[in-house]
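Note sheet for the following structure.
The values are calculated or read from the model by the stated rules, or taken from the named source; none is laboratory data. These figures come from a predicted structure and were not determined experimentally. Counting neighbours? That spans all protein chains shown, and the Cβs are built from the backbone with ideal geometry, glycine included.
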Amino acid sequence: MIKIGVIGGSGVGAPDILENPKKIKQHTPFGATSDLVTIGTFKGIDVVIIPRHGEGHKIQPSLVNYRANIWAMKELGVTHILAPTAVGSLRAQIMPGDLVFPDQFIDRTTKRAQTFYEGNQICHIPMAEPFCAELRKLLAESAKKLSLAHHESGTIVTIEGPRFSSKAESHMFRLWGGDIINMTTVPEVVLAREAGICYAAIAMSTDYDCWHESKEPVTLELILSTMKKNSENVKKLLLEVIPKITDNTCKCREDIKTSLL
């Protein structure tokens, strides 16, 4: 049975897409979720929404309880997660306002728990292909149908934050092959794989970080302005994609079965 999770990011905290929405408290062994969980339906499909930073964007990236959020999704029977996230662009061709559906990540976080398994059982989860290929394909097809500027793949660099990068760091990430940069995709995508949930990020480009000498440096005001435009496009995309997701057998949901020692 299909159940879709949406982890709303900056600018898309809790998209207004549900019929008969209801807020619930979902207990987890890892503490509280970022906020109350909203459950409801869209065109007969069960949907679960958690605002990553809490209502009103109160939780900074390093303090998001990623394990509680993903565990709650798993406990509620979520099979697929769509995860909007604001990103900076590290490539001239990825313009502010564009959407990106990343297929790889580079992890530059330092403080975050990246596994549910901390006792006597160890999980070596594969991350060669971290994002669900089927969901990414569906997102790209739907974005094309809606005439939304988008990029079908890309490498996302996740930094610890909450500060933005220095110019030297921004140029380094470009040399490493990074295409976009944010503060939240890791460990969210890793935990989703441990939970056996298909996961795809909907990256919303808001700025050129600080590497682009001909553009103004990234500021919160610039990001918020672009995010407002992006959020409506992401909502349209979610409405288009959610009814198309099918309950197929996917490697994302099978990896955990062979990853535990």
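Summary table
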quantity	calculated
Exclusive hit being modelled with pLDDT of 95 or more, of a type in the set (Ser, Thr, Tyr), touching a Phe, Trp or Tyr at 6+ places or on another chain (Cβ under 9 Å) and surrounded by fewer than 19 Cβ atoms within 10 Å (Cβ to Cβ), set Ser62, Ser147, Ser153	Ser153
Residue under evaluation Leu138, criteria (1) over 21 Å from Asp98 (Cβ atoms); (2) in contact (Cβ under 8 Å) with a residue 60 or more places away in the chain, criterion not met	(1)
Filtered residues of the range 25-45 (kept if assigned to a loop (DSSP other than H, G, I, E, B), within 20 Å of the chain's Cα centre (by Cα) and of a type in the set (Ser, Thr, Tyr))	Thr33, Ser34
Test for Lys3: is it over 22 Å from Cys250 (Cβ atoms) and surrounded by fewer than 23 Cβ atoms within 10 Å (Cβ to Cβ)	no
Residue tally, condition polar (S, T, N, Q), under 14 Å from Ile180 (Cβ atoms) and not in a strand (DSSP E or B), over the range 73-132	1
One residue from Ala113, Ala143 being touching a strand residue (DSSP E or B) at 6+ places or on another chain (Cβ under 6 Å) and either aliphatic (A, V, I, L, M) or in contact (Cβ under 8 Å) with a residue 60 or more places away in the chain (or both)	Ala143
Ala68 vs. criteria among the small types (Gly, Ala, Ser) and in contact (Cβ under 8 Å) with a residue 60 or more places away in the chain	no
Strands (runs of 3 or more DSSP E) fully within the range 147-261 counting 3 or more residues that are closer than 26 Å to Ile59 by Cβ and in contact (Cβ under 8 Å) with a residue 60 or more places away in the chain	180-182, 198-207
Residue match in the range 92-109 (condition: of a type outside the set (D, E, K, R) and in contact with a Cys (Cβ under 8 Å, 6 or more places away or on another chain))	no
Output for the range 67-102, where each listed residue is crowded, with 24+ Cβ neighbours inside 10 Å, of a type outside the set (A, V, I, L, M, F, W, C) and closer than 20 Å to Pro29 by Cβ	Arg67, Asn69
Residue that is among the hydroxyl-bearing types (Ser, Thr, Tyr) and touching a Lys or Arg at 6+ places or on another chain (Cβ under 9 Å), where the choices are Ser165, Ser142	Ser142
Search result, residues across the range 40-64 that are more than 18 Å from Glu188 (Cβ to Cβ) and touching an Asp or Glu at 6+ places or on another chain (Cβ under 7 Å)	Gly40, Thr41, Phe42, Glu55
Criterion (under 25 Å from Ala113 (Cα atoms) and at pLDDT 85 or above) met by exactly one of Ile197, Ile245	Ile197
